[in-house]
Amino acid sequence: MTTGLLAAALLFAQSPPAESPAAEFKGTPPRTGPGDYQSQAKLGMFSIGADFDGHGVPTPEQTLSVEDFVVVEVGLFGPPNAKLTLSRDDFSLRMKGKKAPLPAEPFELSFSSLKDPEWVPPEQPSESKSKGGLTTGGGGGGGDNPPPLPPKMPFNLVRAMQLHVQKAVLPQGDRPLPQAGLLFFRYHGKTEKIGSLELVYSGPAGNATLPLQP
């Protein structure tokens, strides 16, 4: 019974954080105004600013990277005491050469390729000798032992990265303005090959297209 409980606890700890209630999403700190972003658009009494971060993931705690997605940071602004219903489903990313714009996707999908560029794997012990004391690899034989797998980032660091991303995504639901946060769009290629790039918003504030710099 004890073994079963330990196994269940380990499985829970290794699971990525599930999408939380809207109150747990803090987003990124909004800037002074939409003019502090790379691109801006006016929608009546509301405004949107946006920056394209490529495969970078800027969170307040650390800057991460993600291979399978590109990231856009958006800020939404309005008059004093204004509120707006926010949803990632209101945003899409139009790339040159793509027939349909890319929808913003749940941030959890980025976890499989999320990395910390500052993390340095520990050095592995030399594999120059076999169990029998004979050298392996001399003369091109390489021995019978497969090369060791690359070291994995410790779980506590992986969990910290995931939580940093979770807190930095664009908050969802009815929110007082200003609000800002990250949006994720699936794209694995090199950003310099994108060509033209536009963030498309279609939501409660209206419709807008913001040109971005890849």
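Taken together, the values in this text are just the output of simple stated rules run on the coordinates, not laboratory data. As the structure is a prediction and not an experimental result, all values here were calculated from the model. Every residue, glycine among them, receives a Cβ derived from its backbone with ideal geometry; neighbour counts consider all protein chains shown.
Side notes on the structure shown:
- Charge context of residue 81, other residues only, Cβ under 15 angstrom, K/R +1, D/E -1: +1
- Where N is the number of residues in segment 148-214, Cα Rg divided by 2.2 N^0.38 Å: 1.57
- Cβ-based net charge around residue 101, under 11 Å, with every Lys or Arg adding one and every Asp or Glu removing one: +2
- Filter on 83/115; 42/193; 83/193; 98/152; 42/190 - keep pairs with C-alpha separation over 32 Å: 83/115; 83/193; 98/152
- Between segment 90-118 and segment 187-214, the alpha-carbon centres lie 11 Å apart.
- Model label sites at residue 186 and residue 105, defined 7 Å from Cα along the beta-carbon direction, differ in position by 0.4 nm.
- Neighbourhood charge, 13 Å Cβ-Cβ cut-off, centred on residue 72 and excluding it, Lys, Arg +1 and Asp, Glu -1: -3
- Simple label model, 7 Å out from Cα along Cβ direction - residue 42 to residue 98, nm: 2.9 nm
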